[in-house]
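Visitor: Handing you a structure now.
The values are calculated or read from the model by the stated rules, or taken from the named source; none is laboratory data. Bear in mind that the values here come from a model prediction, so they are computed numbers and not experimental data. Cβ atoms come from the backbone with ideal geometry, glycine included; neighbour counts cover every protein chain shown.
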Amino acid sequence: MFKKMKFRSPEQGTANEKTVIGQSAVIVGNIVSQDLVQLKGHVVGNIDVNGSPNAQLSVLSQAHVEGDIRAQQAVVNGVVTGNIESTGRVELHASADVKGNISYATMAIEHGAKLYGMMSSKDDKQH
């Protein structure tokens, strides 16, 4: 009749964990995560999203980042004022507005995206 419940400690994560920072949120400080982060608000600080196969930062269209981004994967629809460094894929969608340099393994840029900076492939640095 009763099922034995398994409790997990806060340190044990699941593969589908996601952090959502709402549109009305303003964060002054750095963000560090190993999972999916969806940013709808404003961050003044650096963002580091690395460590798991699902580590991805999504900067949604209404979001604004003032700081550097280090992410396994980065998807940008909003405004980023700072450098983006990715060990994986960087995607700039049509509403993206990036003022900074981008370092990436693979890159996709949609028509209409704005980049004011330089792009460099991780492969370029090894040669």
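Visitor: For region 100-118, name all the residues that are of a type in the set (S, T, Y) and surrounded by 13 or more Cβ atoms within 10 Å (Cβ to Cβ).
Guide: Within region 100-118, S103, Y104, T106 qualify.
Visitor: Now for a separate question. What number goes with the only condition from (1) surrounded by fewer than 14 Cβ atoms within 10 Å (Cβ to Cβ); (2) modelled with pLDDT under 95 that T87 does not pass?
Guide: Every listed condition holds for T87 apart from (1).
Visitor: Just to be sure I understand the filter: pairs with C-beta atoms under 6 Å, separated by 6 or more residues or on different chains, first member in region 16-42 and farther than 16 Å from V75 by Cα, second member small (G, A, S) and part of a loop (DSSP other than H, G, I, E, B). Which pairs pass?
Guide: So the pair list comes out as G22/G41; Q23/G41; A25/G41; G29/G45; N30/G45.
Visitor: Next up: Is it the case that some residue within region 23-45 is surrounded by fewer than 18 Cβ atoms within 10 Å (Cβ to Cβ), in a strand (DSSP E or B) and hydroxyl-bearing (S, T, Y)?
Guide: For region 23-45, residues surrounded by fewer than 18 Cβ atoms within 10 Å (Cβ to Cβ), in a strand (DSSP E or B) and hydroxyl-bearing (S, T, Y): absent.
Visitor: What number goes with the only condition from (1) touching a helix residue (DSSP H, G or I) at 6+ places or on another chain (Cβ under 8 Å); (2) at positive phi that T87 does not pass?
Guide: Result: T87 passes all but (2).
Visitor: Moving to a separate point now. Suppose the filter is β-branched (V, I, T), modelled with pLDDT of 95 or more, under 10 Å from the mean Cα position of the chain (by Cα) and closer than 20 Å to N101 by Cβ; does V37 pass it?
Guide: On the way: β-branched (V, I, T): yes; modelled with pLDDT of 95 or more: yes; under 10 Å from the mean Cα position of the chain (by Cα): yes; closer than 20 Å to N101 by Cβ: no.
For V37, the condition - β-branched (V, I, T), modelled with pLDDT of 95 or more, under 10 Å from the mean Cα position of the chain (by Cα) and closer than 20 Å to N101 by Cβ - is not met.
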